[in-house]
């Protein structure tokens with residue numbers, strides 16, 4: 001019985017924490033948000049230098065050839081420090097799509113450049129003000145050209161390429177598009193959390209390569225989300241824990257009515273609730289990490305369970321961290337809002353809480369769990 | 001990460017399983033499990049004796065008291081395997097889980113030899129006498145009196161919420177020997193023969209209609225000083241040892257869980273459609289699934305730490321808060337799904353399980369530390385927050401306002 005990370009993985013995690021702390025990642029996140037920089041390119045370049053973008057890439061393409069568990073521990077730290085970098089878009093989604101679905105030529109072309117940082121990727125799916133489904137995608141790929149408009153695409157500006165969920169003549173497919181073509185037009189969209197830029201991307205008869213099966217792209221997309229949800233869960237746990245730590249410290253320092261506010265049960269019970277939510281999320285995410293790293297058939301249920309628990313935990317912890325800080329928590333100056341906003345960004349980025357609950361129950365219905 | 005036993009653990013599991021297969025019936029999926037109330041005590045004692053003779057009763061105890069000095073992980077493996085068989089459980093948990101460890105730590109060698117094997121064997125059953133009508137969450141507010149009389153102590157007062165007092169042979173007892181001292185300093189701890197003259201046990205009727213708890217009245221009950229555990233005035237310290245063991249012993253709430261809710265929703269009508277198609281139902285099932293599996297996976301993390309010989313983190317402290325509330329919600333869901341007919345008593349096992357969950361869960365949210373006390377413990381012991389301000393700090397016990 002060993003539902004825990006190895007000593008090597010824990011060492012990697014503590015090194016990652018030291019690095020992000022030294023780099024002042026939280027202050028960098030605030031600066032990106034305030035100046036609408038979309039991403040912190042300097043921090044991203046340092047992350048590339050550390051080799052984190054090549055962790056999962058097989059050694060044959062120059063990567064480290066490690067497993068998903070190493071990504072999980074990094075994700076927790078990136079989440080804890082609100083790192084303003086396109087790691088989730090490029091590593092959890094784009095890189096995984098290439099590894100899983102691209103043919104050998106594309107892998108040889110793309111994977112080494114993801115390691116060197118010459119290529120940064122993102123995933124483009126949403127087209128309108130509601131959740132994307134297999135039937136409401138209009139972007140069209142035909143004869144190696146793609147046309148259509150995607151909105152709320154994270155990190156599209158720093159991204160050199162995107163994987164686009166689009167229609168083909170035979171169904172739904174994933175299309176790889178190079179942003180260097182001037183037929184691809186990218187514009188910033190204002191958001192409620194500017195610490196990671198979101199963009200509208202117009203593809204105007206742009207060159208595109210179909211990745212994987214031409215007709216079952218929606219299934220591939222769902223599989224990618226099931227994998228990525230585990231990694232997002234770890235980012236969410238990192239952010240939840242940082243919010244709880246911040247609230248706990250404040251509750252010890254702040255005095256009201258002649259004593260520490262952390263001595264009032266109203267505050268203590270609130271923080272205990274946060275601890276309970278984080279513990280459930282963490283345990284479910286550990287199990288999902290196991291399912292992901294062993295390609296278990298339980299992954300759809302395990303990842304949805306982790307995703308739902310972690311989204312709930314981060315939403316609770318980030319909002320109650322503001323509440324614990326009282327009026328200070330509502331100021332721009334305090335960091336509470338950075339976690340609150342990031343919790344929302346991460347919770348809608350690969351599908352909202354109600355949609356993941358629905359996925360969980362559908363997966364339970366399909367399985368023979370009960 | 002893996003879910004495998006080490007070779008030694010696998011061998012141990014095998015030994016447990018072989019013995020259980022020879023001596024007990026595996027749980028059946030179809031048949032309703034359980035034992036008739038009337039002979040439950042006899043059946044339970046018989047099973048405990050069988051286990052004791054083979055060394056399984058208190059396997060983590062030293063050999064001289066009837067154990068096999070098993071490691072924590074071996075204890076969990078045994079418990080996992082035993083739970084796959086239809087055997088009586090529950091009667092001995094308080095005695096073995098709470099009274100045993102206190103006797104182990106504070107009784108004389110002679111007393112340990114006299115009482116521990118008989119406790120492990122199930123020949124003598126023990127109960128715990130802490131709570132009082134005016135001392136629940138604030139158990140240190142207890143007022144039952146102990147007055148020293150030569151080599152004896154004379155006990156007067158009342159205890160409450162004592163599980164199994166009507167069939168127990170011995171009990172552990174904390175009482176106030178000096179009301180002039182501060183609340184936590186004026187208490188002393190004993191063990192007592194439940195058949196002593198002056199002890200009267202009255203069952204409490206619960207909201208479920210059942211009676212598993214009692215009131216226990218003490219009128220001039222004589223306890224020899226040799227049955228004192230710990231020094232005079234150390235009662236609170238000894239009680240805390242017991243309560244820490246209680247928090248390990250009281251865990252997951254038994255009863256209807258997400259599996260029962262899910263299967264019920266698939267079979268139940270909701271305005272002409274299956275209830276499982278209802279969006280609100282689906283959201284609730286997702287939430288309960290995440291909680292149930294969160295607890296299961298938390299337990300696996302605890303086991304992983306034990307398996308490596310490490311001390312587990314504080315994660316397990318969330319178990320009762322989460323599971324008792326989930327049980328209450330699931331019971332509520334099941335009853336509501338029947339609409340007006342949810343009121344009706346029935347022979348249907350599934351409906352009964354929802355009604356029992358709903359009626360029983362309020363007790364589970366209180367027993368063994370209320371939700372509120374457990375949250376205090378998490379916030380103080382895990383998060384390091386300060387204690388709430390106490391109005392009775394430093395006051396002689398007799399001057400503390402009690403409202404009556």
For this session: Calculate the mean, over all residues of peptide A:254-261, of how many other protein chain Cβ atoms lie within 10 angstrom of the residue's Cβ.
Result: 1
For this session: Take the Cα radius of gyration of segment B:317-404 and divide it by 2.2 N^0.38 Å, with N its residue count; two decimals is plenty.
Result: 1.59
Exercise. Does anyone have the angle between helix A:68-80 and the longest principal axis of chain A? Alpha-carbon axes, 0 to 90°, nearest 10?
Worked result: 50
Exercise. What are the semi-axes of the equivalent ellipsoid of chain B, taken as the square roots of 5 times the eigenvalues of the Cα gyration tensor, listed largest first and rounded to whole Å?
Worked result: 37, 28, 22
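So for the protein assembly as shown, what are the equivalent ellipsoid semi-axes in whole Å, largest first, each being the square root of 5 times an eigenvalue of the Cα gyration tensor?
The three semi-axes for the protein assembly as shown are 56, 29, 25 Å.
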Exercise. Roughly what percent of Cα-Cα pairs across segment A:218-366 reach past 24 Å?
Worked result: 36
Seminar exercise, completed: The distance between the Cα centres of segment A:189-203 and segment B:196-216, in whole Å, is 66
Exercise. For chain A, what ratio Rg/Rh do Cα atoms give with a Kirkwood hydrodynamic radius?
Worked result: 0.97
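I want to verify the translational diffusion coefficient of segment A:121-215 in µm²/s; compute it with Stokes-Einstein, Rh as the Kirkwood radius over Cα pairs, at 25 °C and 0.890 mPa s. Before the final figure, lay out the partial values.
Details: Rh = 13.1 Å.
Once the numbers are plugged in, D ends up at 187 µm²/s.
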For this session: Mind pulling up the Rg/Rh value for segment B:7-89? Radius of gyration and Kirkwood radius, both on Cα.
Result: 0.99
Problem set entry | Percent of C-alpha pairs per 5 Å bin, segment A:286-366, short to long | 3, 15, 20, 18, 15, 11, 8, 6, 3, 1
Seminar exercise, completed: Dividing the alpha-carbon radius of gyration of segment B:251-366 by 2.2 N^0.38 Å, where N counts its residues, gives 1.21
Exercise. Where both partners of a DSSP beta bridge lie in segment A:122-249, what percent of those bridges are antiparallel, to the nearest 5?
Worked result: 85
Problem set entry | Euclidean distance of C-alpha centroids, segment B:66-104 and segment A:308-329, integer Å | 40
Problem set entry | segment A:332-355 and segment A:12-35: distance between their alpha carbon centers, rounded to Å | 17
For this session: Calculate the mean, over all residues of peptide B:280-289, of how many other protein chain Cβ atoms lie within 10 angstrom of the residue's Cβ.
Result: 5
For this session: Over the Cα atoms of segment A:7-116, compute the convex hull volume and normalise it per residue, giving Å³.
Result: 91
For this session: Can you tell me the 0 to 90 degree angle between the C-alpha axis of helix A:217-253 and the longest principal axis of chain A, rounded to 10?
Result: 20
Seminar exercise, completed: Output field shielding_mean for A:2-8 (other chain Cβ, 10 Å radius) holds 5
Problem set entry | In degrees, nearest ten, helix B:258-267 long axis to first principal axis of chain B (Cα) | 30
Exercise. For segment A:58-111, what D do you get in µm² per second when you plug the Kirkwood radius from alpha-carbon pairs into Stokes-Einstein at 20 °C and 1.002 mPa s?
Worked result: 175
For this session: For segment B:126-248, just run the numbers: alpha carbon Rg, then divide by 2.2 N^0.38 Å, N being how many residues it has.
Result: 1.00
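No lab work stands behind these numbers, since they all come straight from the coordinates. Note that the structure is a prediction, hence the values are computed from the model and not measured. For neighbour counting, all protein chains shown are included, and Cβ atoms are generated from backbone atoms with ideal geometry for every residue, glycine included.
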